[in-house]
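We did not get these values from a lab; they are worked out from the coordinates using the rules stated. Being a predicted model, the structure only gives us computed values, none of them experimental. FYI the Cβ positions are ideal-geometry reconstructions off the backbone, even for glycines, and counts take in every protein chain you see.
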Amino acid sequence: MKVCRQLSVFLENKPGTLARVSDALAARGINIVAFSISDAVDHGVLRMVVSNPIQAAHLLGDGGMMVVESDVLALDLPNRPGALARLAEKLSKARVNIEYAYGTTGGTGGKAQVIFKVDHVERARKALGRK
């Protein structure tokens, strides 16, 4: 488990917007490690963990986009039934709320990688046995 800096970028909800953002990051050598997109009536929210969050935030902000930074937990879980349930139970017992999460089970080595936004990062780390 590690604490990562996540960028939430508020974008116009129209064709080509994600292409422009990802192309701008690629041109600067910034890799998108994980991402999620949600939509609203008039905008979309791109949440992403990138290889250089400071540079990415400046690049996107200078491009006129609203960028909000937050700490998230990146965890590798076993890719088998019950792994998420056990993790969620540990966080629940520690009174840590999972505000949202996104991830994939397509990784190598039988692992699932999951990004969690929680209300208390340090309490979550303690509950999961990580300092």
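Straight-distance candidates among the lysines for linking to Lys93, with alpha-carbon spacing under 23 Å and chain neighbours fewer than 8 residues away dropped: Lys2, Lys117, Lys126, Lys131.
From helices alone, the chain scores -8500 deg cm²/dmol at 222 nm; the rule is -39500 (n - 2.57) for each run of n ≥ 4 DSSP H residues, then divide by the residue total. What would the Debye formula give as log10 I(q)/I(0) at q = 0.10, 0.15 Å⁻¹ for the alpha-carbon point model of the chain, no solvent? After summing over all Cα pairs, the log10 values are -0.36, -0.77. Peptides 114-120, 12-18, 88-94 ordered by packing proxy, namely the average of other Cβ atoms within 10 Å per residue, highest first: 114-120, 88-94, 12-18.
In the chain, a dipole from Cβ-located charges (positive for Lys and Arg, negative for Asp and Glu) runs towards its positive end, and of Gly64, Cys4, Ala83 it is Ala83 whose Cα lies farthest in that direction.
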